[in-house]
Amino acid sequence: GKLELKSFYEYGDDGFRWTTEDDEYSLGIRGMSQLDTRVYSQPTPGFTGSGFYNPGTRLYFEGHFSQPIQYEVSLQNTFDSVALLDAYVNFNYDPRIQLRIGRFKTPFTYEWYRVHIWDTLAPERSLYATNFESNRRFGLMLWGVLLDQRVEYAVGTFDTQRNSLQAFSGRQDLLAFLNFKPFTNWEDSILRDLQFGGSVDAGSPNQPPIPAALRTNSAPSGNAVGGGAAGDAATVPFLAFNPGVREKGGRALWELHTAYYCGGLSLLAAWQSGYESYAPGANGASTRIPIDGWFVQAGYILTGETIRDRTLIDPLHPFDLRSGRFGLGAFEPTARYSELRLDPQIFSAGLADPTRWTNRAQLIDVGCNWYLNKFVKVYGGWEHAMFGSPVFSAGGTPTKSNDLFWVRTQLYF
């Protein structure tokens with residue numbers, strides 16, 4: 001028969017909702033859109049161009065068919081392509097041990113797994129997470145929270161290819177994440193929102209490389225440098241694999257992280273390392289390439305709002321110029337240093353061209369988030385990229401650094 005539906009906007013958890021009277025069945029809709037203005041210093045490096053970009057527009061459909069059986073299906077436009085983002089079912093009969101199956105965010109690196117893109121301090125994540133995050137994959141994962149919210153864990157098996165809809169060679173990666181919040185129930189303690197832990201990504205892939213090129217601020221993709229895609233033009237490449245190179249052999253990546261939130265302060269840091277294996281062709285010998293990175297990042301809300309985790313900021317005085325409603329919103333200055341280094345064997349093994357690319361990059365990001373209200377966020381900042389050796393530029397002149405002046409306007413509901 002027909003069931004009557006309740007409709008409302010869920011302000012705390014975001015999104016428009018329709019539920020049955022007993023809340024056993026529900027449908028929710030959320031959305032996000034980002035518009036970037038990116039101005040690069042001259043000469044423009046490689047195949048990168050200044051201008052306006054849409055790095056992400058998303059539409060989420062989510063809910064539950066009986067309360068313990070949850071679902072999400074979402075789509076994303078990324079620069080100039082539209083594809084499936086998430087599609088999964090989650091079985092939540094006990095929050096201590098939940099089962100998720102489908103395509104979803106994988107549990108590797110704190111920045112990637114625990115911080116949503118609409119909640120980040122800077123528009124994009126650090127160098128290591130940006131280039132070697134596990135991204136979204138098809139898989140199966142056990143996850144949950146234990147010991148009265150003090151321990152978060154996740155462990156799963158996933159297709160080996162990052163950010164792909166294809167399974168290569170039937171192989172699987174094992175991914176695991178562990179996060180401790182030992183003082184979370186200590187009321188009024190300055191240690192209450194201290195977090196620390198680690199994550200791993202291990203497997204033995206045999207597939208085309210993703211990322212095909214390492215970039216300063218773009219999620220892993222199989223697009224080669226100079227392919228003409230909008231996403232390639234929006235960010236700076238600093239290392240591109242030679243044609244025919246494959247990910248082949250052992251993969252073991254890991255991260256140790258810490259995060260601390262107190263009042264308006266956010267402080268994040270991570271030490272990242274491991275190795276990937278690459279071969280110059282399908283029949284070539286594999287070379288194990290050590291990878292190292294780290295970052296430290298901080299932000300502080302100047303206007304009195306407090307947070308306990310990276311989440312949407314709901315300003316005490318939302319931006320409004322109308323009489324009797326005047327407000328300027330919330331302001332959060334931020335700064336980050338991040339670094340990524342690959343072993344020089346990446347060149348000596350014939351995997352990349354040392355005359356055009358570098359095996360080391362560093363980023364300094366300085367900016368400010370302006371939260372007009374809970375739904376509209378504007379980030380303005382400067383990003384200074386430094387390269388270990390000169391990187392090929394469009395005019396044929398190698399460059400060891402580049403500056404990006406960046407404004408991102410974001411709508412999320």
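The values are calculated or read from the model by the stated rules, or taken from the named source; none is laboratory data. Since the model is a prediction, treat every value here as computed from it, not as a measurement. All Cβ positions, glycine included, derive from the backbone under ideal geometry; neighbour counts span all protein chains shown. SASA here: full protein model, heavy atoms, side chains in, ligands and nucleic acids out. Shrake-Rupley method; radii C 1.70, N 1.55, O 1.52, S 1.80 Å.
The table below lists the values:
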quantity: Label-point separation, residue 397 to residue 325 (7 Å along Cα→Cβ), nm; calculated: 5.1 nm
quantity: Label-point separation, residue 142 to residue 21 (7 Å along Cα→Cβ), nm; calculated: 4.1 nm
quantity: Per-q log10 I(q)/I(0), the chain, q = 0.13 Å⁻¹ (Debye; single scatterer per alpha-carbon; no solvent); calculated: -1.22
quantity: For residue 334, distant residues with modelled amide H under 5 Å away; calculated: 367, 368, 369
quantity: Accessible area of the chain belonging to carbon and sulfur atoms, whole % at 1.4 Å probe; calculated: 62 percent
quantity: Coarse-grained scattering of the stretch 1-45 at q = 0.22 Å⁻¹, given as base-10 log I(q)/I(0) from a Debye sum over alpha-carbon atoms; calculated: -0.81
quantity: Semi-axis lengths, Å, the stretch 158-253, gyration tensor of Cα atoms, sqrt of 5 times eigenvalues; calculated: 35, 20, 10
quantity: J(HN,Hα) series, the stretch 49-58, from Karplus relation 6.51 cos²θ - 1.76 cosθ + 1.60, nearest Hz, glycine and proline x; calculated: x, 6, x, 9, 9, 10, x, x, 10, 10
quantity: The chain: relative contact order as a whole-number percent, Cα under 8 Å and 6+ apart; calculated: 14 percent
quantity: Residue-span extension gain [residue 92 to residue 348] - 0.36 nm each, minus C-alpha spacing; calculated: 87.2 nm
quantity: The stretch 190-199 - phi-based ³J(HN,Hα) in whole Hz, Karplus 6.51/-1.76/1.60, Gly and Pro as x; calculated: 6, 8, 3, 10, 7, 10, 7, x, x, 8
quantity: Principal axis dimensions, the stretch 172-309 - Cα atoms, whole angstrom, descending; calculated: 60, 32, 21
quantity: 5 angstrom amide H check on residue 72, placed H, neighbours 5+ away; calculated: 88
quantity: Mean accessible surface per residue for the stretch 372-413, computed with a 1.4 Å probe while every protein chain stays in place, in Å²; calculated: 40 Å²
quantity: Whole-Å semi-axes of the ellipsoid equivalent to the stretch 215-283 (Cα gyration tensor, √5λ, descending); calculated: 31, 20, 7
quantity: Simple label model, 7 Å out from Cα along Cβ direction - residue 300 to residue 174, nm; calculated: 4.4 nm
quantity: Accessible surface, per residue, of the stretch 79-140 when the full set of protein chains is kept, probe 1.4 Å, Å²; calculated: 31 Å²
quantity: Integer Hz, Karplus 6.51/-1.76/1.60 couplings in order for the stretch 157-171, x for Gly and Pro; calculated: 10, 9, 4, 6, 7, 5, 6, 10, 9, 10, 9, 9, 6, x, 7
quantity: The stretch 205-221 residues near the modelled residue 167 label - backbone nitrogen below 19 Å, point 7 Å along Cα→Cβ; calculated: 205-208
